[in-house]
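Quick note: the coordinates plus some simple rules give every number you see, no bench work behind them. What you see is a predicted model; the values in this text were computed from it and never measured. So basically every Cβ, Gly included, is an ideal-geometry build from the backbone, and we count neighbours across all protein chains shown.
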Amino acid sequence: MDSIPDSLTNYYGVDWVLFLLILSHMWALGRHKRYGWLLGACAASTGIVIGVMADSIALAIMNVFFTGFHIRNYIKWGSDK
């Protein structure tokens, strides 16, 4: 088992960027801010990178779909009016 300091840098900080993007994404959507969807798309794109780094095809593919969903929701925001 890796030591805690080593495990904090396993993915060169990309996982921490993902963590911050997801928190920002959820906060923005909770406040009904359209840009939250863009933050979500950035987070999902970062998830693709982590999926590749972790050799997880499923994680990468899932985040490709999430990126598409976030972009679609950003485009459609308020279009029902």
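Data table
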{"read-out": "Farthest positive-ward along the chain dipole, Cα basis, beta-carbon charges - from Asn63, Asn10, Ser24", "value": "Ser24"}
{"read-out": "Angle in degrees between helix 14-30 and the longest Cα principal axis of the chain, rounded to the nearest 10", "value": "30 degrees"}
{"read-out": "Expected 222 nm ellipticity per residue - DSSP helices of 4 or more, -39500 (n - 2.57), all of the chain, to 500", "value": "-24000 deg cm²/dmol"}
{"read-out": "Label of the coordinate-derived value, Rg and Dmax of the Cα atoms in Å, listed as (1) 19.0, 68; (2) 14.4, 43; (3) 14.5, 54", "value": "(3)"}
{"read-out": "Mean separation of Cα contacts under 8 Å (6+ apart) over length of the chain, as relative contact order %", "value": "25 percent"}
{"read-out": "Angle between the chain longest axis and helix 57-76 axis [Cα atoms, degrees, rounded to 10]", "value": "20 degrees"}
